[in-house]
Each structure stands twice: as C-alpha cells, then as structure tokens.
Amino acid sequence: MLELKTRKTQKTVEAVTGLTILDHALKDDVDWGFSCTRGTCARCRCYVASGRDLLSVPSEEEEDRLEPEELEQGYRLACQCVVKQDGTISVTHKPYF
Ligand code: FES
C-alpha cells in the first residue's frame, strides 16, 4: 500500500514493485510536480515517512542532487526511488519551492 500526499491531496494506491513513486503518482492521477524524470531537477522531491526499507537504495542521481543529510532524513527523488517490496509506504511531495 502506498500513501501519496501532496499539498492538495492525499491518495492511497496499490504499491507495484518495479515502479517509481512518480510512476505511481502518474498512473493513479495524483498531481505530483516533476519535470526531468532523470534525477536532476528535484521538482519531484519527496519525504518518505514510512516504508523506507521497501524502496530502492538512493540512485547516483539522488546522491548527486540531494544533500547527505536529506537522504538520511528520508528525502528522496520520486522519479528515482523504486518500490522494491510491498508493505506500508507513505510519501509526501516536498519540492524546494
Ligand atoms: S523529475 Fe526531475 S528529479 Fe525527479
């Protein structure tokens, strides 16, 4: 189960392994800001409140774009982090601006 939250909406969808968080948002009609889908713009940045260990480890792009402290605190790029395993995952869209 994947809970997707933005400033305007909150939706619980089925977590599909192999898809990114952004893939889920697009597939399930959640208005999730993004632009590049390559891990460089950070418009898809998000905070993972629960289920961090159910997601892929940070990609090289995330390591480059986000500060180590942000990764440690649970911030990720939605276009980069992939659901590895089903469980309870809760993610909030947190772009810088
Ligand atoms: S869409 Fe640009 S970093 Fe995710």
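The values are calculated or read from the model by the stated rules, or taken from the named source; none is laboratory data. What you are looking at is a predicted structure, and each value in this text was computed from that prediction instead of being measured. Glycine gets a Cβ as well: all are built from the backbone with ideal geometry, and neighbour counts include every protein chain shown. SASA here: full protein model, heavy atoms, side chains in, ligands and nucleic acids out. Shrake-Rupley method; radii C 1.70, N 1.55, O 1.52, S 1.80 Å.
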Counting Lys and Arg as +1 and Asp and Glu as -1, each charge on the Cβ, what is the dipole of the chain about the Cα centre in debye, to the nearest 20?
-> 420 debye
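Keeping the other protein chains in place, figure out the carbon and sulfur percent of the accessible area of the stretch 13-97, with a 1.4 Å probe. Don't skip to the answer; put the middle values down first.
On the way: 2040 of 4500 Å².
Of all accessible area on the stretch 13-97, carbon and sulfur atoms account for 45 percent.
Per residue, how many Å² of accessible area does the chain show with a 1.4 Å probe? Let's see the in-between values first.
Details: 5420 Å² over 97 residues.
Roughly 56 Å² per residue, with all protein chains present.
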Of the candidates Gly33, Pro68, Tyr47, the farthest towards the positive dipole end of the stretch 29-75 (Lys/Arg Cβ +1, Asp/Glu Cβ -1, centred on the Cα centre) is Gly33
Between Ala49 and Gln10, what length in nm is gained on full extension when 0.36 nm per residue of separation is reduced by their alpha carbon distance?
-> 12.7 nm
Over its Cα atoms, what ratio of radius of gyration to 2.2 N^0.38 Å does the chain give?
-> 0.93
